[in-house]
Every structure is written in C-alpha cells, then in structure tokens.
Amino acid sequence: MAEYDLTPVAVPHVQTKFRTIRTAIPVPESLPLFESLRLSEPRSMAGQPPIVWDTAEGATVADRWGNRWIDWSSGVLIANAGHGHPAIRAAIREALERPLLSTYVFPHEGRATLTRMLSDLSPDPASYMAFLLSTGSEATENCIKLSKSYALEKYGPDKKIFVSFNNAFHGRTMGAQLAGGMPRLKTWMGACDPSFVQVPFPDGYKNEDVSFDLFLKTLKEKGVRPGEIAGVMTESYQGVGPDFLPVEYARKLEAFCHEHDIVLTLDEVQSGFGRTGKMFCYQQYGITPDLIACGKGISSSLALSAVIGRTDIMSLYPPGSMTSTHSASPLAVAASIANLKVLKEERLAERAERLGKWFVPELCRIQRLYPDVLGCCHGMGLVAGIQAVKAGTKTPDPALALKINLACLHRGLLMFAPVGIGGECVKVAPPLCIEEEALRESVSVFEEAVHSVLKKD
Ligand SMILES: Cc1ncc(COP(=O)(O)O)c(C=O)c1O
C-alpha cells in the first residue's frame, strides 16, 4: 500500500477562503512526531498522507503550522455530517458533564433512544430492531454469526455456506476477513474456512459480466447448492471502486435469497447515512436486506457501529450472549443521536444527491481527459473513485494514483491514501455538508493536480 516519502517538499503557497498552504509538505517541524510514531507503533499504522491533523471542522482539516485543506476524505467516510459538528460536540459535552462515560450493557436512556431511531430507519420499523457495537468489523462479524446461526437453528448443520464477493472489504477481524474478497489480506490465515465462498462482483469494469447468471454459475462451479447457503453479504457499493450493483442484479440477488431462505446482509458501514444520496445505499436498488451492518457515518465522530435486522434473526441469542463491552458507550451514543438528527434536519442525504449530480459527472469528465491511464470513474452522491491504470490496460498503477493524491495534498486538497485492489483507486468522499463553493473550488484543484501529473505539453 501507499508509502509516503517524509522528505519535505517546497510547494507553492496557497491562500483561499477554504485552503491555506504556507509550509513545505510534510512540515519540517512535524518530522519528530512521525519519528516518534515510527518507534512506538507498527508500520501498518503509517500509510496516510504525511500531515498531522490538529483541528477538523466542517469540510476542512488543519494542522498547527497554519495549513488547511479542503477535505475529500471525511476521515475515512466517517464525518458525513461534517467534522466537529456543533450539535454533535454539544451532545458529547452534555454526556461528559452529566457524567456518564461507560455503562457496559446496563441500560441507559440514550441506548433506548438510538436503537429506536435506527429501527425507524429500517425497511420496516415494526419487524426490525438494532443493537450497538463499536466498530464496523464487529457489525459485519455479527451479521455472519447471525446468518449462520439462523440457518443452523432452522435447517441444521448442512446450511452453512456464507457467500460474499471478490474484492469485498468487511473489516480486518477474522470472520470479516474470511468474508472479504481480497486474497492478499487473507494469506496470514493459511487454510481458510471452506464454508466461506466468494463470487465475482458485477462492477462492470474489472468484471464486465454483470449478469446474475454469473453468480449462479460460479456457485455451481464451486459445488455450492442454493439450499446449503446460510447467508449472502455484500457491501451496498464495493469500497474499492466505489462499485455499484446493477439494479437488476441486486433485485435478482434479493429474490434468490428470499426463495432459499438465505439471510441477505447489506454492509452499509461505508455507504450508509446519506453518502450516496439516500440514507442507505441499498435503497438505491429498491431491495430489502435482512441485516444491515452500520458504522462510520452513524456518528460522524466517535466509535460506534450497529446491526439493524429482522427481529426473528436478531432474537436468536439469549440475554447476555450477543454483546460487547462498549456496546452503547454513552458518549458515542450521544454523538450518534445528535448526528442522526443533523442528517435529517440539514437534509444531508438530499444534499449529497443534489451535489452528486454535478460532482460525479465533473470527476468523470476529468477522467475522460486521460482515458488511457485513468481507466474508469464511478460514483454516486458524494463518493467517487478514479482507477489509475498502466497505459491502455486495466493493470493497476498505484504509483500514478499516489502521484495524483500527493499533487492534491500539496495544493490544499486532502484525500486518504489511494485504495483498491492494488492501491490504484483515487477515491474521494467529502463531508456531505461541504459548501458548494468549496466543492467547486476543490474540483478545480483536483483537475489542476491531475493535469500537473499527466499533461504533456
Ligand atoms: C464496507 C466496510 N465494512 C466494514 C468495515 C470495517 O469497519 P471498521 O474499520 O470500523 O472495523 C469497513 C471499513 O473501512 C468498510 O468500509
């Protein structure tokens, strides 16, 4: 994955309403901090652009040396409501001052409020419920556990296969990685549990066959009968792209799961809470998941995740046996309640939809200026990605993606490190509250950065 050089680069100064760049990048004075981290942490924690976050507000991030970036990362699709939203900070402060800092699974009012609010966001509030965890991986792990438990209880041990997709990412814990679809992340496991099976994802670029027949054909080739499948899980859009399911495929998948009583999980950890222009991305397909894994934008801030799901599936485990120490941690719960209110009151999903109608085509226009090396552009609402490839091929070019990412950083436009199967995807995800003026300015900066890397005159 991305390795950033820590040698300071002198870059032109920038001063606009939203961006300030007034030092070399990385800031020479910040280097001792990087050295300290290098000594105290595994290098796995490095790999993001070499700036030191000091404050983050709305759609900008600043260091303490006077530099300020327009943020196209939202952290990593966390800050949907914007960084440090005043209402979220006030809610956290209120919980802090009460004080109520930890509760384990002892009930508290915030927990009742938030689980109700999340159930109300489900496909059918009367027959769905929610429970709270801390990370997205915990949420997807629990979806796997619930799917397999449901099948075991209802049909016995033969219905145990868990189907997910090539190139999927569901987190870094063991079950989440078994369901993940990137082989390089699983080598440490040695032999994988054979009850986890992956099929091609119909992204339309890396895999051009977007028919549901390929799903059926692949299962057949792998010797899996529909009646043996306990669960199917997919990200509502795959993070590596972002890659979206064709609507027809999504509907056929739903019908297939329905026909064979297979628990269908939509992983909305990244795509939920307004990002694509609807509260959940699965709503773009008009389908109804049985379980929904949530995280990131659920609080726009503190660590919180949730599973929202069908009551009959969610009720399989007796009291005390499907919990986590920090389930419903009060500060995170307060932040999440405030966040959900902000998303609704500020109509941020609608805003993402509206801005996305201009933002995504603009990025695709820029991609089409260099179709040889910028292979494709996918996006919806306020998430998009451009794949950097070796000229005229679909072979990932992570070095090019990194150059674009750095050219943006140097101009005051912040993204997280390129993602994708081989680090080839320049992925962007501004907070949904981003001012239109800041979004327009940042698209111009992006275009200028792309030209600076690719234009040959
Ligand atoms: C789709 C998806 N699922 C699960 C996860 C894991 O979430 P966490 O890092 O909070 O464990 C992520 C994180 O990037 C994700 O994008």
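Some notes on this structure:
- With all protein chains modelled, accessible area of R89 [1.4 Å, Å²]: 100 Å²
- Taking all protein chains as shown and a probe of 1.4 angstrom, I434 keeps an accessible surface of around 0 Å².
- Nearest-0.05 FRET efficiency for M174 and H258, computed from C-beta distance (R0 41 Å): 0.90
- Carbon + sulfur, % of accessible area of region 174-213 - ligands and nucleic acids excluded, 1.4 Å: 61 percent
- Summarising the amide proton neighbourhood of A303: residues at separation of 5 or more, or on other chains, whose placed amide H is nearer than 5 Å comprise an empty set.
- Ellipsoid semi-axes in whole angstrom, largest first, where each is sqrt(5λ) of the Cα gyration tensor of the chain: 35, 28, 20
- Each of I21, F446, H258 was scored by the projection of its Cα onto the charge dipole of the chain, and the greatest displacement toward the positive side belongs to I21; charges sit on the C-beta of Lys, Arg, Asp and Glu.
- Quotient of C-alpha Rg and 2.2 N^0.38 Å, computed over region 142-260: 1.02
- Measuring with a 1.4 angstrom probe and ignoring ligands and nucleic acids, T23 comes out at about 30 Å² accessible.
- Dipole magnitude of region 36-128 about its Cα centre (Cβ charges: Lys, Arg +1; Asp, Glu -1), debye to nearest 20: 240 debye
- About the centre of its Cα atoms, region 396-449 shows a dipole size close to 220 debye [charges on the beta carbon of Lys, Arg (+1) and Asp, Glu (-1) only; nearest 20 debye].
- Screening the chain for whole DSSP H helices with an alpha carbon extent of at least 20 angstrom along the helix axis and a mean Kyte-Doolittle hydropathy of at least 0.5 yields 330-345.
- With the Kirkwood sum run over all distinct C-alpha pairs, region 316-457 has a hydrodynamic radius of 17.1 Å.
- Among the GluC sites (Glu not before Pro) within region 114-220, those in coil by DSSP and having at most 12 neighbouring Cβ atoms inside 10 Å are E208.
- In the chain, the DSSP-assigned H stretches of four residues or longer account for a calculated mean residue ellipticity at 222 nm of -11000 deg cm²/dmol, using -39500 (n - 2.57) per stretch and the full residue count as denominator.
- FRET efficiency for the E153 to W188 pair, using the beta carbon distance and R₀ = 25 Å, is estimated at 0.20.
- Largest-first ordering by accessible area, 1.4 Å probe, given options R225, R310, R275, R93: R225, R93, R310, R275
- Residue-span extension gain [E109 to D209] - 0.36 nm each, minus C-alpha spacing: 31.1 nm
- E345/L96 FRET efficiency (R0 25 Å; Cβ-Cβ; nearest 0.05): 0.65
- Within region 22-52, backbone nitrogen closer than 18 Å to the virtual label 7 Å beyond the Cα of H13 toward Cβ: 22-29
- Per residue accessible area of the chain, 1.4 Å probe, in Å²: 43 Å²
- Shape class for region 248-302, computed from the alpha carbon gyration tensor (a ≥ b ≥ c): oblate, with a/c not under 1.5 and a/b at or below b/c.
- Each residue, L216 and S44, gets one label point 7 Å from its Cα in the Cβ direction; the gap between the two is 4.1 nm.
The values are calculated or read from the model by the stated rules, or taken from the named source; none is laboratory data. Predicted model only: the values in this text are computed from it and were never measured. Positions of Cβ are backbone-derived with ideal geometry, glycine not excepted, and every protein chain shown enters the neighbour counts. With ligands, DNA and RNA removed, areas are computed over all heavy atoms of the protein, side chains included. Shrake-Rupley method; radii C 1.70, N 1.55, O 1.52, S 1.80 Å.
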